[in-house]
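Step one of this worksheet: look at the structure below.
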Amino acid sequence: MKTIAITGVLGYSGRYVAAEAQRRGWRVVGLTNSAGRLPNPEGYELRPMPWSTGEDVLAGVDVLVNTYWVRFSYAGAGHAAFSHAEAVKNTLAMFAAAQRAGVSRVVHTSITQPDAASELPYFRGKAELEAALVATGMPHSILRPAILFGDTPAESILINNMAWSLRHLPAVATFGTGKYRMQPIHVQDFAELAMDEADAEAPHRIINAVGAETYSFRDMWKLLARAMGTWRPVLPVPAELGYQATKVLGALTGDVMLTRDEIAGLSQDRLAVPGPTVGTRRLSDWVQQHAAELGRHYASELARRG
């Protein structure tokens, strides 16, 4: 039986990858700093993240699946600080640990359109990590998803909170024209792809892990409103004004709804790519299935991080 180590095994995408790995007969080792804080109902063997310990936590591991990252940098009150720079440093330490342990393959989660020259630290950091992984010479697969949606609205933070806005606000907005696009992929599609790549024989692969449907930001509002039967005006507003509005909502909900950088990434059309798609589960079907519960409760990114 081969052994697979998965980061974030108690969290979101890592939990789905771990369940898929078990279904395929792999022995799962979970890498996490959340042992004792988050439930472990499957009873996975848990080890600390490589950068937080002097232990050789990847000893005996055949394949490493890395889902670790941070959505935005944060240094506010009430939660531990985290940053893109720290995430890059930690991931580089993970790659080094994998090399030392003789891991035979790395499946790494990146982002659509990573860009080493970008002013946005999310996309720039992802590009730096892709280049670093290639430089290790380890066989690898790089998966580039944009937005994930899961089995429940609470897992699907961006989409759920758009629905929450439709339910609770008199109007909603696009940042500028709203013509920039998104290609959400169901997290189970992503998990299946990750496990396909764990078994891949090609030494180096890069895959745009995008869903079956493409929506503009404006059309995403329409898709949700139609399914929920909750119609609101969709107003084009300047990006800075839209950011200030989300900042107010974030203060009211105790969360970070969107950052300036995330709005810029949307506006630069970075969450969609040309070419074939890999997801089979359609967002439109999922929205219809969950229409009655979407947006009933706000989904907090900070609460999910604990």
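What to note about this one:
- For segment 231-263, a residue qualifies if it is buried (at least 17 other Cβ atoms within 10 Å of the Cβ), touching a helix residue (DSSP H, G or I) at 6+ places or on another chain (Cβ under 7 Å) and not charged (D, E, K, R), and the qualifying residues are 234, 242, 243, 256, 257, 258, 263.
- Check on residue 222, more than 29 Å from residue 189 (Cα to Cα) and in a helix (DSSP H, G or I): no
- Sub-6 Å Cβ pairs linking a first residue in segment 264-277 that is over 16 Å from residue 127 (Cα atoms) to a second residue that is of a type in the set (Phe, Trp, Tyr), at least 6 apart or interchain, are 266/180; 267/175; 267/180; 269/180, ordered by first then second residue.
- Members of segment 264-286 found to be surrounded by fewer than 17 Cβ atoms within 10 Å (Cβ to Cβ) and touching a Lys or Arg at 6+ places or on another chain (Cβ under 7 Å), listed by number: 269
- Qualifying residue in segment 225-242 (condition: over 30 Å from residue 64 (Cα atoms) and within 22 Å of the chain's Cα centre (by Cα)): no
- Residue within segment 95-108 that is within 30 Å of residue 223 (Cβ to Cβ) and at pLDDT 95 or above present: no
- Across segment 35-48, not a single residue is classified as surrounded by 16 or more Cβ atoms within 10 Å (Cβ to Cβ) and more than 19 Å from residue 11 (Cβ to Cβ).
- Among (1) under 30 Å from residue 260 (Cα atoms); (2) part of a helix (DSSP H, G or I); (3) in contact (Cβ under 8 Å) with a residue 24 or more places away in the chain, the one test that residue 15 misses: (3)
- Answer residue from segment 12-34, given it is small (Gly, Ala, Ser) and farther than 16 Å from residue 107 by Cβ and is surrounded by the fewest Cβ atoms within 10 Å (Cβ to Cβ) among those: 25
- Helices (runs of 4 or more DSSP H) contained entirely in segment 246-305, each with at least 3 residues that are over 27 Å from residue 38 (Cα atoms) and out of contact with any Leu (no Cβ under 6 Å at 6 or more places or on another chain): 260-267, 283-289
- In the set 111, 157, only one residue is closer than 19 Å to residue 197 by Cβ, of a type outside the set (D, E, K, R) and out of contact with any strand residue (DSSP E or B) (no Cβ under 7 Å at 6 or more places or on another chain); that residue is 111.
- Within segment 70-95, considering residues that are polar (S, T, N, Q) and assigned to a helix (DSSP H, G or I), the one surrounded by the fewest Cβ atoms within 10 Å (Cβ to Cβ): 90
The values are calculated or read from the model by the stated rules, or taken from the named source; none is laboratory data. Worth saying up front: this structure is predicted, and the values here are computed from it rather than measured. As a convention, Cβ positions derive from the backbone with ideal geometry for all residues, glycine included, and neighbour counts pool all protein chains shown.
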